[in-house]
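J.: Below are the structure tokens for one structure; questions will follow.
The values are calculated or read from the model by the stated rules, or taken from the named source; none is laboratory data. This one's a predicted model, so the numbers in the text were calculated from it and none came from an experiment. Quick reminder, even Gly has a Cβ in these numbers, built from the backbone with ideal geometry, and neighbours come from all protein chains shown. These accessible areas exclude ligands, DNA and RNA; they are computed on the full protein's heavy atoms, side chains included. Shrake-Rupley method; radii C 1.70, N 1.55, O 1.52, S 1.80 Å.
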Amino acid sequence: MRFLRVALFIAPLAVGVQIDRQGRETYDGYKVFRVVTDDEQLTGFEAQLGSLSAIELSRNRGHIDAHHFDIAVPPESLDAFEALNYEAETLTEDLGADIALEGELQPFPGLEKSTSGVAAAALPSFSWFSAYHPYADHLTFLKSLQAAFPSNSELITAGTSFEGRTIQGIHLWGSGGKGSKPAIYYHGNVHAREWISSITVEYITYQLINNYSNDTAIKAALDNYDFYILPIVNPDGFVYTQTTTRLVRYPSPPVLATCGGESLLRGVGTDINRNWPNGHWDGAGSSTSPGSETYRGEAPGDTPENTGIRIFGDKLGAGKGIKLYIDFHSYGQYILTPYGYSCSATAPNQSKQDTLARNTGAAIAAVHGTRFTTGQTCATLYATAGGSNDYFTDVTTAELAWAIELRDTGTYGFTLPANQIIPTGEETWAGQKYLWANF
Ligand SMILES: [Zn+2]
């Protein structure tokens, strides 16, 4: 999740930007800082970021009147940034070196025999979770999962992206048959650079299938709920971060004309997660500027991606209802309950949601010690307008509607090393297992 008020990406690519052999920006020599500002410094700081061609990676409230920014500063702006003399901690000496730890994108690794024997066909090799992968291979992964669980799953689609890609996912069900139970609905990778979110959603999907016949708790979850899982709801952005510029959020659609000729390079457009028509679309917590990364769009719900996943979710709500909706993001390690639009408004079952979020955090921490902060979105992080969890709370009336910000807290940020995919999957899986058994 990102919390931007101003456009940081409208500047043309800085002079020092280097491109690798695959045509991707390298970020070599960028340093990442955590900067603290107070309310008075905020406006000036945001303006300075633009002039430095700095990339804002995340923001949170920190303290009630302080703002913590994680920013990546290009090498040619380092002297100018340091001359500004902000209170700042260095998180990363060389962002390019961090990105190298993500490893090369790897192709689909093939199938292997199921460890539990549940699958009719072999499951995708578990080594899938040892690397990040090109978009096309994610589609192969989904198809292979479905083929391994043919009587209890089907591939699903939820509309078409701005560039014409089908938003694809998978539906799993248990002994009651297809579509007979309330929904558990997961989204991943609405923000393009948050790669850990999609592969973690895939980890959950894999484990549901692999454990259905050998774990009574998993059998109960699948027998009691229909799972609708869309690992990559922003396929255009995901592809863009793999082929061109790793660290854009890449909203949709890009607004080249209104933001200047170079802006497309930075993926400016509507933030799909500030575009939900939840009754507070035009409130504080999004931007009216088409050049901003948190641009809300011209009208509520006017992006093709939002339309597709919204119609899909609305149908689930109008059908058997939605028990749980989670929008998976990174980074920061937060479990966020409603609301984003207001720091004082509460959902009808707020205390239940907050208790479950805390306990989910405890179940996650029990695996590898990873600590999640839990709480209401606005009060915990920042105001958000047009966000998905508010939509699913008020419009689709999901019983629980959360956003989860996965690992880490800034050491690697969006570019989490590939060797953290499995630990992230393990702890997230434990949190979800807790929820399914206790909500
Ligand atoms: Zn996000």
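J.: What angle do you read, to the nearest 10 degrees and between 0 and 90, between the alpha-carbon axis of helix 350-368 and the longest principal axis of the chain?
T.: Compared with the principal axis, the helix lies near 90 degrees.
J.: Shifting gears a bit: Tell me, what is the per residue accessible area of the chain in Å², probe radius 1.4 Å?
T.: 35 Å²
J.: Compute, for the chain, the length of the dipole vector about the Cα centre, with Cβ point charges of +1 (Lys, Arg) and -1 (Asp, Glu) only. Units Debye, rounded to 20.
T.: For this selection, approximately 1520 debye.
J.: Then there is this: Please report the Cα spread of the chain along all three principal axes, rounded to whole Å, starting with the longest.
T.: 63, 48, 42
J.: Can you order the peptides 182-190, 38-46 by their average number of other Cβ atoms within 10 Å per residue, highest first?
T.: The packing order, highest mean first, is 182-190, 38-46.
J.: According to a simple spin-label model (label point 7 Å from Cα along Cα-to-Cβ), what is the distance in nm between N419 and E112?
T.: 1.8 nm
J.: Which residues' amide hydrogens lie under 5 Å from the amide hydrogen of H133, considering only partners 5 or more residues apart or on another chain, with H built in the peptide plane?
T.: Q106
J.: As I understand it, the value is the acute angle between the Cα axis of helix 39-51 and the longest principal axis of the Cα atoms of the chain; what does it come to in degrees, rounded to 10?
T.: Orientation of helix 39-51: about 80 degrees from the principal axis.
J.: Using alpha carbons only, how many degrees (0 to 90, rounded to 10) separate the axis of helix 135-148 from the longest principal axis of the chain?
T.: Rounded to the nearest ten degrees, it is 10.
J.: Take every Cα pair under 8 Å in region 320-383 that's 6+ residues apart, average their separations, divide by the length, and report that relative contact order as a whole percent.
T.: Relative contact order for region 320-383 comes out at 43 percent.
J.: Still on this structure, please answer the following. For K181, list the lysines whose Cα falls under 20 Å from its own Cα; do not include residues on the same chain fewer than 8 positions away.
T.: Within the straight-line limit of under 20 Å, K181 reaches these lysines: K219, K315, K320, K323, K433.
J.: Hey, any idea what the orientation-averaged projected area of the convex hull of region 307-439's Cα atoms comes to, in nm²?
T.: 8.2 nm²
J.: Still on this structure, please answer the following. Test of understanding: in a Gaussian network model of the chain with alpha carbons linked when under 10 Å, which of A131, A299, A148 would top the mean-square fluctuation ranking?
T.: Of A131, A299, A148, the most mobile in the Gaussian network model is A299.
J.: State, to one decimal in nm, how far the label point of A217 lies from the label point of Q18, with both points 7 Å from Cα in the Cβ direction.
T.: Rounded to a tenth, the inter-label distance reads 4.7 nm.
J.: Right, next: What do you get for trypsin sites (Lys or Arg not before Pro) in region 106-207 restricted to DSSP loop and a cutoff of at most 16 other Cβ within 10 Å of the site's Cβ?
T.: K113, K178
J.: Could you give each residue of region 209-226 its phi-based ³J(HN,Hα) in whole Hz, using Karplus coefficients 6.51, -1.76, 1.60 with θ = phi - 60°, and x for Gly or Pro?
T.: 5, 5, 10, 4, 9, 10, 9, 4, 5, 6, 4, 5, 4, 6, 6, 8, 9, 8
J.: Another question, if that's okay. For region 49-103, which GluC sites (Glu not before Pro) pass both filters: DSSP loop (anything but H, G, I, E, B) and at most 12 other C-beta atoms within 10 Å?
T.: Counting only loop positions with at most 12 other Cβ atoms within 10 Å, the GluC sites (Glu not before Pro) in region 49-103 are E93.
J.: Give the accessible area for L155 in Å² (nearest 10); use a 1.4 Å probe, count only protein heavy atoms, and leave out ligands, DNA and RNA.
T.: 70 Å²
J.: Based on the Cβ-Cβ distance of N85 and K143, what FRET efficiency does E = 1/(1 + (r/R0)^6) give at R0 = 41 Å, to the nearest 0.05?
T.: 0.15
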